[in-house]
Amino acid sequence: MKFRAPGKIILCGEHAVVQGTPALVIPMNRYATCDIAFSHANTFKLQLPDFAIEKNLEKHELTLIKEQVEQRYQEFQEGAITIEKVLHEPWQLAVYTLAVFIQHYSKAKVSHLTITSEIPVGRGGGSSAAVIIAILRGLFHSHGVDVDDDLLFSLAKPVEDKQHGKSSGMDLWVAIKDTCLHYENGQYETFTMPDWDFSLIDTGKPLSSTGETVVHSQEKLSEPNRIEPFNRCVKIMYEALQDDDYENFCLAINLNQALLHNLGVVSKKTQQFIMALSQKNIAAKIIGAGTLKGENSGLLFAMTKTPQTKLLEEYGYTRLLRSGHVIH
């Protein structure tokens with residue numbers, strides 16, 4: 001049985017949303033998938049083909065790993081370690097999610113889980129949230145247990161906190177709902193995205209983890225007058241979406257990108273690329289946490305359907321189509 005959940009594209013309001021301010025997010029047409037089969041073995045089997053990882057764990061081992069992760073998270077909260085040391089191996093997010101389910105549902109059967117993802121990992125596309133939701137939803141449904149969205153979220157939120165330090169919950173809700181959301185402080189309303197052409201561009205995996213960048217941005221956003229510009233930007237964009245106003249939507253894209261640049265989460269190289277697009281009258285912005293170091297800033301959202309092949313080659317970037325195909 002296969003279950004999937006989408007990645008996400010933040011149109012406006014990233015980082016500030018963690019402070020409880022509004023943001024706009026749409027699902028990405030790329031998915032994390034969890035394939036579940038029950039087993040007669042004594043161990044839970046977890047396969048992550050994308051990382052060439054396989055784990056065979058008994059129930060008590062899952063419990064132990066869960067306890068270790070929670071101990072490290074407490075150490076992070078106390079300032080003793082950085083967030084990327086809480087879940088420091090690619091398999092630990094999936095194992096921790098499985099352990100959370102087993103603790104919640106005592107009748108859990110021994111299972112074989114195979115987890116794959118079309119979402120570029122570590123680039124701001126919501127891959128962690130998609131994996132968490134695909135696993136939890138898959139486990140509930142494969143056991144024949146009805147689960148409402150609120151319960152799914154309540155189990156998933158503490159898991160994502162372990163990955164990013166403090167989750168706004170927005171990535172999880174778009175993975176659960178698979179629709180466009182105006183999100184604010186745990187509440188949301190849906191909206192329809194106009195049929196405008198856009199591209200996703202991969203600038204490469206940032207050297208900074210999402211959690212590390214979120215910690216930095218929250219310190220910056222605690223400074224006076226940092227939050228309100230994000231509020232205004234989201235308001236401009238949301239009105240533009242409702243009015244099918246392409247010009248003001250692109251204006252809001254550019255405003256949001258400027259705010260992210262001022263937060264210090266966009267690399268110099270990526271900013272130069274965005275300025276090069278701007279000279280072609282193409283609005284663009286990063287869609288995730290960004291980076292604090294190195295040249296790569298993760299995924300970019302650009303209001304164009306043309307490949308921009310020459311510019312991409314110049315910067316060594318890759319264009320991802322909405323269908324999930326890749327153009328080099």
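The values are calculated or read from the model by the stated rules, or taken from the named source; none is laboratory data. From a predicted model like this one, the values you see are computed outputs, not experimental measurements. FYI the Cβ positions are ideal-geometry reconstructions off the backbone, even for glycines, and counts take in every protein chain you see.
In this structure, is SER217 part of a helix (DSSP H, G or I), at pLDDT below 95 and among the small types (Gly, Ala, Ser)? When the stated conditions are applied, SER217 passes them.
In the set (1) assigned by TED's automatic domain parsing to the domain that holds HIS40; (2) at pLDDT below 95, LEU207 fails one condition alone, (1).
So, GLN77, is that one at pLDDT 95 or above, surrounded by fewer than 18 Cβ atoms within 10 Å (Cβ to Cβ) and not small (Gly, Ala, Ser) or not? Taking the combined requirement at face value, the residue does not satisfy it. Note on the range 278-293: residues that are surrounded by 15 or more Cβ atoms within 10 Å (Cβ to Cβ) and at pLDDT 90 or above total 9.
Are there helices (runs of 4 or more DSSP H) fully within the range 108-208 with at least 2 residues that are buried (at least 17 other Cβ atoms within 10 Å of the Cβ) and among the small types (Gly, Ala, Ser)? List them. Lay out the reasoning, then the answer.
Details: elements: 127-142, 149-164, 170-177.
By residue number, 127-142.
Number of residues in the range 80-107 that are assigned to a loop (DSSP other than H, G, I, E, B) and surrounded by 22 or more Cβ atoms within 10 Å (Cβ to Cβ): the value is 2.
Does GLU14 meet the test of being under 19 Å from SER128 (Cα atoms) and assigned to a loop (DSSP other than H, G, I, E, B)? Spelling it out, GLU14 is indeed under 19 Å from SER128 (Cα atoms) and assigned to a loop (DSSP other than H, G, I, E, B).
In this structure, MET275 qualifies as modelled with pLDDT of 95 or more and loosely packed, with under 13 Cβ neighbours inside 10 Å.
Please verify whether the range 217-229 includes one or more residues that are within 30 Å of ILE135 (Cα to Cα) and surrounded by 15 or more Cβ atoms within 10 Å (Cβ to Cβ). Yes, there is a match, as at least one residue in the range 217-229 is within 30 Å of ILE135 (Cα to Cα) and surrounded by 15 or more Cβ atoms within 10 Å (Cβ to Cβ).
Within the option set LEU311, LEU241, LEU277, being touching a residue at least 40 places away in the same chain (Cβ under 8 Å) and either more than 24 Å from VAL214 (Cα to Cα) or in a helix (DSSP H, G or I) (or both) holds for one residue only, LEU241. A single member of LYS157, LYS166 is free of Cβ contacts under 8 Å to residues at least 24 places away in the same chain and among the charged types (D, E, K, R), and it is LYS157.
Of the listed requirements (1) among the aliphatic types (A, V, I, L, M); (2) assigned to a helix (DSSP H, G or I); (3) closer than 20 Å to THR203 by Cα, ALA252 misses just one: (3). None of VAL69, VAL18 is outside the structural domain of PHE198 (by TED's automatic domain parsing), under 30 Å from ILE201 (Cβ atoms) and β-branched (Val, Ile, Thr) except VAL18. Confirm whether GLU239 is more than 12 Å from HIS15 (Cα to Cα) and modelled with pLDDT of 95 or more. Taking the combined requirement at face value, the residue satisfies it.
When we screen ALA129, ALA99 for residues that are within 22 Å of TYR73 (Cβ to Cβ), in contact (Cβ under 8 Å) with a residue 24 or more places away in the chain and touching a Lys or Arg at 6+ places or on another chain (Cβ under 6 Å), the only hit is ALA99.
Out of curiosity, is TYR73 more than 17 Å from the chain's Cα centre (by Cα) and either closer than 21 Å to MET193 by Cβ or among the aromatic types (Phe, Trp, Tyr) (or both)? Spelling it out, TYR73 is indeed more than 17 Å from the chain's Cα centre (by Cα) and either closer than 21 Å to MET193 by Cβ or among the aromatic types (Phe, Trp, Tyr) (or both).
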